[in-house]
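Notes for the one structure printed next.
Every number here is computed from the coordinates shown, using simple stated rules; none is lab data. In this text, all values refer to a predicted model and were calculated from it rather than measured experimentally. Backbone-built Cβ (ideal geometry, glycine too); neighbour counts: all protein chains shown.
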Amino acid sequence: MATAMSEPGLDFASQAEEFQRILSTIVCREVAGVDALLRVERLSGGASQETYRLTVNAGGREQLLAMRRAPGGMVPEEHVEGHPGLDVEAMLMRAARAAGVPEPEVHYVLEPEDGLGAGFIMQWLEGEALGARITRSEEFADLRPRLAYECGETLARIHAIDLDATGLRDHLDAIEPETFVRQTWERYQDLDTPEPMIDYAAQWLLQHLPQAPEMALVHNDFRNGNFMVTPEGINAVLDWEIAHIGDPMRDLGWICTNSWRFGGDGPVGGFGTREDLFAGYEAVSGTTVDPERVRFWEVFGSYWWAVGCLGMAEHYRTGPDKTVERPAIGRRSSECQIDCVNLIIPGPVALVEPAEPQNLAMPRVDELLLSVRDFLRADVMSNTTGRTQFLARVAGNSLDIVERELRIAPLAQAEERSRLKVLLPEQADTSLLALRWALTNGLRDGSMALDADGLAEHLRTTVVNQIAIDQPRYSGFKRALASSGQ
């Protein structure tokens, strides 16, 4: 549970003015040398937390600071397992910086009496954090061949941080691998939506758990897009909001997860090899990496993010930050599910043929959708900047999903129902939703074995047709088609 810090009687403009007034007081009081807060800009991205660029006057010169804040200025009322809170995130960054991990300096952690919610103010560092640019930009061409090795070195330094000397052990949850799998599965079940591939992956993970790993500090979100680079190398590790104590190989598997390759060919962040990642890790830690243990966590990464994406859609439904970004991320769950397919049940798939729109009205519904999409891309995006431009792009992409769903979903769902009637003959006359729930419950209670005849083929085909709707340009979709000879 959390409470918001904004005043309900104020309109949006008044709240923005009050926000800047309070922030100005804090910055001038807490950051040495700052005389005035000149400008505040909320940056694009940041679906979990808000990020701001602060322009300040310091000794007659403009300088930049950054602020990280809970959505809507919320203040957590109770501890949420696996989410230590922004005050502990600031503590983690300070400990990492002291251990030689590239980090910005944290200047001030917001207090409840400040009136801005949970968050902290830190040094602004210049660099690139967009994963696609790190993977593709010519600016980083010389960095990419050595970046996986540097990621390994950085993770080894994180994992070596002394939890007792820093006081972090008292603020972080310890999560064993089996507990992590089950917690994630329970979180998905709480969303009350049947996604059988997620349940299949959960059961597979429980059957392949690593045995008695040595526990250490785990960043839990170290991946391309969550560290910042310059052409010289990593200059900041970002987003410590879900750190915990656990199996350190979780971090190595996560950076190999396909969601964070941004179309690149390298299995490590799209830019590097597992061999270089492991070599960098071993050079600093002195520990030999077990590739199979990392593979377990790579599968877990896709499973975990499949659930995380659905959670974003749930956050849109329940608030408080109802941006267009959250439901769009929700549809990325199918990307993670196809990655699970490719990792643990690869094989032939069958795509349905998209239907042509029926000309029952003029204009057709698809034409209405595309006209709005084109307006967002051609007019709104060209006349906006920053977060508004970013959200216009997201909105256009969401309309693309709706248009594809109109053409693909009816036949794909009809064929899905036919396959389920064969898998579940006792449920043959029920609806598609009821059939999905029957398969989901069978996987959960073990009555549907993972090696049941036709199950893997059904899951592959269902997921591949869903991602044909959600994101046909995703690399995992192309990989699934390639593995079946298409």
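Worth pointing out:
- Shape box of the range 310-363 [Cα atoms, principal axes, largest first, Å]: 46, 41, 12
- Spatial separation of Cα centroids for the range 426-446 and the range 293-336, in angstrom: 23
- In order along the range 32-42, phi translates into HN-Hα couplings of 4, x, 7, 9, 7, 9, 9, 8, 10, 10, 7 Hz, rounded to whole numbers, per the Karplus curve 6.51 cos²θ - 1.76 cosθ + 1.60 with θ = phi - 60° and x for Gly and Pro.
- Prolate/oblate/rounded label for the range 106-167 (Cα gyration tensor, a/c 1.5): oblate
- Taking the Cα centre of the chain as origin and assigning +1 to Lys and Arg Cβ atoms and -1 to Asp and Glu Cβ atoms, the resulting dipole is close to 1180 debye.
- Estimated vicinal HN-Hα couplings, Hz - the range 448-454 in sequence order (Karplus 6.51, -1.76, 1.60; Gly, Pro = x): 9, 6, 5, 9, 4, 4, x
- Charge dipole (debye, nearest 20) of the range 53-169; +1 at Cβ of Lys and Arg, -1 at Cβ of Asp and Glu: 380
- Ordering 329, 253, 267 by Cα displacement along the dipole of the range 248-332 toward the positive end leaves 329 in first place; charges were set at the Cβ atoms of Lys, Arg (+1) and Asp, Glu (-1).
- For residue 235, nonlocal amide neighbours, meaning residues 5 or more places apart or on other chains whose placed amide H falls under 5 Å from its own, are 228, 229, 230.
- Cα-only radius of gyration and Dmax that characterise the chain, units Å: 23.6, 77
- Helix 386-423 vs. the chain, principal-axis angle (Cα, 0 to 90°, nearest 10): 30
- Between the alpha-carbon centres of the range 145-217 and the range 60-129 there is a gap of 23 Å.
- Under the Karplus curve 6.51 cos²θ - 1.76 cosθ + 1.60, θ = phi - 60°, whole-Hz ³J(HN,Hα) for the range 129-139, x wherever Gly or Pro sits: 10, 6, x, 5, 6, 4, 6, 10, 5, 4, 4
- Per-residue ellipticity at 222 nm, computed for the chain from helices alone with -39500 (n - 2.57) per DSSP H run of at least four residues, works out to -15500 deg cm²/dmol.
- Of every Cα-Cα pair in the range 311-483, the percent that sits beyond 27 Å: 37
- Across the range 311-483, C-alpha contacts under 8 Å between residues 6 or more apart give a mean separation that, scaled by the residue count, equals a relative contact order of 34 percent.
- Degrees, to the nearest 10: 333-344 long Cα axis against longest axis of the chain: 70
- Axis of helix 432-445 versus longest Cα principal axis of the chain: the two differ by about 70°, to the nearest ten degrees.
- Over all Cα atoms in the range 114-260, the spread is summed up by Rg and Dmax: 17.6, 48 Å.
- Ranked by how many other beta carbons lie within 10 Å on average, peptides 458-466, 21-29, 435-443 from highest: 458-466, 435-443, 21-29
- For the chain, the relative contact order works out to 14 percent when only alpha carbon pairs closer than 8 Å and six or more residues apart are counted.
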